[in-house]
1. Label VAL163 and ALA196 with points 7 Å out from Cα along Cα→Cβ: what is the distance between them in nm?
2. Could you state the angle between the C-alpha long axis of helix 103-115 and the longest principal axis of the C-alpha atoms of the chain, as a value from 0 to 90 degrees rounded to the nearest 10?
3. Is there a pair in LYS105/LYS132; LYS136/LYS203; LYS5/LYS37; LYS104/LYS130; LYS5/LYS172; LYS37/LYS105 whose C-alpha atoms are over 23 Å apart, and which pairs would that be?
4. Under the rule of -39500 (n - 2.57) per DSSP H run of 4 or more residues, summed and divided by the residues of the chain, what mean residue ellipticity at 222 nm is obtained, to the nearest 500 deg cm²/dmol?
5. Mind ordering 133-146, 153-166 by average Cβ neighbours within 10 Å, highest first?
6. Take the chain, connect every pair of alpha-carbon atoms lying under 10 Å apart with a spring to form a Gaussian network, then pick out the residue of ASP60, ASP20, ASP75 with the largest mean-square fluctuation.
7. State to the nearest 20 debye the size of the charge dipole of the chain about its Cα centre, where the only charges are +1 on K and R beta carbons and -1 on D and E beta carbons.
8. What cysteines in the chain have no other cysteine with a beta carbon less than 4.7 Å from their beta carbon?
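The values are calculated or read from the model by the stated rules, or taken from the named source; none is laboratory data. Fair warning: this is a prediction, and the values are worked out from it, not measured in the lab. All Cβ positions, even for glycine, are placed from backbone atoms using ideal geometry, and neighbour counts span all protein chains on display. For accessibility, only protein heavy atoms count, side chains too; no ligands or nucleic acids. Shrake-Rupley method; radii C 1.70, N 1.55, O 1.52, S 1.80 Å.
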Amino acid sequence: MNLEKQLHEGLEAISGLSADVAHLSSRLLRYIELITKWNSTHNLTSVRNPESMITRHMLDSLVVLPHISGPNIVDVGSGAGLPGIPIALARPEWQVVMVESNQKKAVFMQQVVVELRLQNVSIRQERVEKIKPGNKVDTVISRAFSSLERFMRLSKHLCENNVDHCRFIAMKGAFPDMELMQLPPEFSVEQIIPVAVPGLRAKRHLVVMRCHSE
């Protein structure tokens, strides 16, 4: 199966994806080309072949869409731009802030923004605890960033302007039993949602959390 067909079929299998699949597919393929090109010298991701990137990066990022709310999203520890850039491509009406302290990864994401003309993405090369939110944030999301406790502790201030409605979404593999036990009482878990990534057998879970208002 060629890359375009693989991606197109994967996108069509994701529920709640309202974007033009053909247009989104072509832009995601361009993004994959950029990751592949930069990966040879900058080691952005351990996933090397484009076929695996479709499943383990693009589709894995987009299955969260039915479970997150916009229009203001913050992606913490974005790395090569995941899940924030696929989300921004699928939801051009949303504003996505990418937070990444690693310079080479932040520079790569800036190049993606230029190449794909992403007007709804901004890159912040800083540690998340240094970020001062401007607009009210609706969703703070992380993928392979840290433990639940550390993610919440470092990111909780991002929702201070919208504490009652803002949600934190941690993308996890297996059910994170131990991490859940370590969450302090100021944070509560609202849902743990099992998600199926098209073409991927591995387990995936979304942990939906919130901070309690003072």
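1. Going from the VAL163 label point to the ALA196 one covers 4.0 nm.
2. Tilt of helix 103-115: around 60 degrees.
3. Violating the 23 Å Cα-Cα cut-off are LYS136/LYS203; LYS5/LYS172.
4. One gets -9500 deg cm²/dmol as the mean residue ellipticity at 222 nm.
5. On the way: 133-146: 19.5, 153-166: 17.5.
Ranked by mean Cβ neighbours within 10 Å, highest first: 133-146, 153-166.
6. ASP20
7. In debye, rounded to 20, the chain gives about 500.
8. Those would be CYS211, since no other cysteine Cβ in the chain comes under 4.7 Å of theirs.
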